[in-house]
Amino acid sequence: MAMTTLSQQRRQRVNLGGWSGRVIAGVVLLVFVLFFVIPIVWLLLAVTKSSKALILDNPFALGSWADFTANWNQLFGFQDGAVTTWIGNSALYAVGALVITLLVSIPAGYALALTEFRLRKALLILTLVVMLIPSTALVLPIFLELNTVGLIGSPLSVILPMSFFPFGVYLTYIYFSTSVPRDLLAAARIDGCSEFQVFTRIALPLAAPIVALVAFFSFVQNWNNFFLPFVMLPSSDGYPVQVGLTSLLASTPAFNPSSAGSDSVQLPTLALATIVSILPVLIVFLFSQRFLVTGMTAGGTKE
């Protein structure tokens, strides 16, 4: 009888613990919804309203297709299509820097992980140290260097600094150090492959997940970069979309009363511009999430 009572008490404690765990999980989920999901829902609904409806109507009421079309036309008609130019600039800068990043980071990580050369450890330590330096702290010396060679205002003044991605080198180093069997590479060398062939035919195909991961992180960082192109590009014709948003913000009467005029932007249009600016990152994430999950777990076990 005593044993039965004791087992019942244990089951009650387990049930109580499971119930309290579900309550805590529910509270955390509710906080997440309140602070993250609700603002996103409001933002998505705001683009379907007029400026007056955005202020007077229910915050979570759906607007109309006509208002959405008007906001779309106002956004892409701003300054004779400046937004389209900014999006094209962002794509040029992000993709151009991404290509250089992959061409440099992947071989560099491979060399640090699987080859022996002088100053190898010092170079790895330097890579880790540079990773800790905020990128904004490097903008001023980079500006002075590029100004010396006359590149300020050109696409290269943005693409070249963006392509400097030590985090990608370190990710690749970790992967090649832990997930690529050295015996497989040695067998390829015995079969007559040169070091370049070992890298391109054996190591690189095996590293497809980590290449995708480095590419995603690099693209997101490049697309969202604001301070570097803001400093390097004096003309709005060269702005990426993240910097161009400041022009839209300055042309919104709600934030800048002196901007009221024929080229002013209303709040729903500004909300639409925000969504348009992050849409490419969301699309890239949706199409690459399978490779991202594989890349994030790569290197978790050592062969």
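The values are calculated or read from the model by the stated rules, or taken from the named source; none is laboratory data. Everything quoted here is computed from the prediction, not taken from an experiment. Note: ideal-geometry Cβ built from the backbone for every residue, glycine included; neighbour counts use all protein chains shown. For accessibility, only protein heavy atoms count, side chains too; no ligands or nucleic acids. Shrake-Rupley method; radii C 1.70, N 1.55, O 1.52, S 1.80 Å.
At a temperature of 20 °C and a viscosity of 1.002 mPa s, determine how fast the range 144-254 diffuses translationally according to Stokes-Einstein, using the Kirkwood radius over alpha-carbon pairs as Rh; express D in µm²/s, rounded to the nearest whole number. In µm²/s, the coefficient is 125.
Under a model in which nothing but the beta-carbon of Lys, Arg (+1) and Asp, Glu (-1) is charged, the chain shows a dipole of about 1300 debye around its Cα centre. Taking Cα extents along the principal axes in Å as calculated from this structure, the corresponding entry among (1) 87, 72, 32; (2) 56, 47, 40; (3) 77, 42, 41 is (1). The packing ranking of peptides 139-150, 42-53, 155-166, highest mean first, is 155-166, 42-53, 139-150, where packing means the average number of other beta carbon atoms within 10 angstrom of each residue. The simple Förster model, with R0 at 35 Å and r as the Cβ-Cβ distance, assigns Leu62 and Ser258 a FRET efficiency of 0.60. On the chain, 70 percent of the accessible area sits on carbon and sulfur atoms, based on a 1.4 Å probe. Only Cα pairs under 8 Å and 6+ residues apart enter the sum, and on that basis the relative contact order of the chain stands at 26 percent. Working note: Karplus 6.51/-1.76/1.60 with θ = phi - 60° gives the range 40-45 the couplings 5, 4, 4, 5, 5, 6 Hz, where Gly and Pro are set to x.
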